[in-house]
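Just so you know, all these numbers are worked out from the coordinates, no wet-lab data involved. Keep in mind that what you see is a predicted model, and the values were worked out from it rather than measured. Note that each Cβ is placed from the backbone with ideal geometry, even for glycine, and that neighbours are counted across all protein chains shown.
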Amino acid sequence: MAQITNLMGAMVLEKPATELVYKKVAIPVAGQGQVQIKVTACGICRTDLHIIDGELAYPLQPLIPGHEIVGIVSAIGAGVTAFNIGDTVGVAWLGFTCGRCRYCLNGQENLCDNARFTGYTLNGGFAEYTVADERFCFAIPSLYANAQGAPLLCAGLIGYRSYCMVPELAVNIGIYGFGAAAHIVIQLARHQYKQVFAFTRPGDDISQKFALQLGAVWAGDSTQRPPEKMDAAIIFAPVGQLVPQALLHLGKGGMVICGGIYMSDIPSFPYKLLWQERSIKSVANLTRADGRSFLAVAPTVPIHTHITTYPLQKANEAIYRLRQGGIEGAAVLVM
Ligand SMILES: [Zn+2]
Ligand SMILES: [Zn+2]
């Protein structure tokens, strides 16, 4: 009897608010305009935790999560022109945009009305293979054609988009939540001679030490006052309370940038915290232009990612560690 060989291992979310389950599922076939990718590594992002916990509505069910994918093109579908078999590619959160809505037409495809997202409304990279629309794949510089490259695809990209919102003349930048995104953003900021203040959960000495090693001029608890007023604060931690806390330490005209897809409610605060042209902004998704621009900049810094790797089948353990805050830098699944 012929052996069935068209199966792959995958970590599947059968329904929200359950653990991932290791399953053998059919290897996806590249359709029109798609590439099939043999996944080398896939990072675990905080957004994956929000999806798994059911905090984001309407995920694909069942779902293969994962949107920080580095892999090698193993097959190409009809009409593919940008990539060949053997190319190293990256796949990020933005998996499809319509190209027709007012946002797409205005160069704001990150806000597309009909967007689809990798590892959320499209299957992602917690698997041995995945398929992706070639128009939404990135060529990966050789320096990052490995597990180190995976966190660049979301932590790096969303971090970069958040960092690009910082007013150009800003000198003092606060970062709240010192995880995967922050450890990349600080390298960009230091490269441009900015001063970074790193805020962590109270008592998280490990993350504070890590921030100082990466060049933060000050690291402390999120409840503490930084040594100087800040020109901008980027919040990566999903904690709404941090918004008024950050506003309190901003200079005039300063900006709070919320870099996460999910945040607990922001408590009310006195208007005087916002007065004098302080502002609050959120960052949603990414554009392909962000991706190309960041992947061109990263090797020139050069950005080094700090990762802890886990085999695919240990995804639940990695997720548990990530929740506890015990991972320095980023957690990455390797296949
Ligand atoms: Zn659109
Ligand atoms: Zn992400």
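Taken one residue at a time, the phi angles of the stretch 53-62 give Karplus couplings (6.51, -1.76, 1.60, θ = phi - 60°) of 7, x, 7, 10, 6, 6, x, 4, 9, x Hz. Gly and Pro are set to x. Relative to the Cα centre, the charge distribution of the chain, modelled as +1 at Lys and Arg Cβ and -1 at Asp and Glu Cβ, gives a dipole magnitude of about 320 debye. Overall form of the chain: prolate. Here a/c, set by the Cα gyration tensor axes a ≥ b ≥ c, is 1.5 or more, and a/b is the larger of a/b and b/c. Cβ-to-Cβ counts within 10 Å put CYS42, CYS101, CYS154, CYS258 in ascending order as CYS101, CYS258, CYS154, CYS42, the fewest first. Packing around the peptides 237-245, 277-285, taken as the average count of other Cβ atoms within 10 Å per residue, puts them in this order, highest first: 237-245, 277-285. Counting only lysines at least 8 places from LYS23 when in the same chain, those with an alpha carbon closer than 24 Å to its own are LYS15, LYS38, LYS314.
The chymotrypsin sites (Phe, Trp or Tyr not before Pro) of the stretch 174-210 that meet both conditions, a loop assignment by DSSP and at most 14 other Cβ atoms within 10 Å of the site Cβ, are TYR193.
Let me make sure I get this right: for the stretch 150-190, a, b and c are the square roots of the gyration tensor eigenvalues over alpha carbons, sorted descending. Under 1.5 in a/c it's rounded, otherwise prolate if a/b > b/c, else oblate. Which is it? Judged from the Cα gyration tensor, the stretch 150-190 comes out prolate (a/c at least 1.5, a/b above b/c). Each residue in CYS164, CYS137, CYS112 was given a count of other beta-carbon atoms within 10 angstrom of its own, and listing them fewest first yields CYS164, CYS112, CYS137. Among THR18, THR305, THR200, the ranking by other beta carbons within 10 Å of each residue's beta carbon, starting with the fewest, stands as THR18, THR305, THR200. Running a GNM on the chain with Cα contacts under 10 Å, which residue among GLY179, GLY251, GLY79 ends up with the highest mean-square fluctuation? Its mean-square fluctuation being the largest, the pick is GLY79. What is the Cα centroid distance between the stretch 140-173 and the stretch 221-273, reported in whole angstrom? With the stretch 140-173 and the stretch 221-273 each reduced to a Cα centre, they are spaced 21 Å.
Under the rule a/c < 1.5 gives rounded, and otherwise a/b versus b/c splits prolate from oblate, where does the stretch 158-282 land using the Cα gyration tensor? Rounded, because the longest to shortest axis ratio a/c is under 1.5. Computed about its Cα centre, the charge dipole of the stretch 75-227 is approximately 360 debye, with only Lys, Arg, Asp and Glu carrying charge at their Cβ. For the stretch 158-282, the Cβ-based charge dipole about the Cα centre amounts to some 160 debye (Lys, Arg positive; Asp, Glu negative; other atoms uncharged). The sum of -39500 (n - 2.57) across all DSSP H runs of n ≥ 4, divided by the residue count of the chain, sets its helix-only mean residue ellipticity at 222 nm to -6000 deg cm²/dmol.
Ranked by the mean number of other Cβ atoms within 10 Å of their residues, highest first, the peptides 123-136, 316-329 fall in the order 123-136, 316-329. The order of the peptides 226-233, 265-272 by mean Cβ neighbours within 10 Å, most packed first, is 226-233, 265-272.
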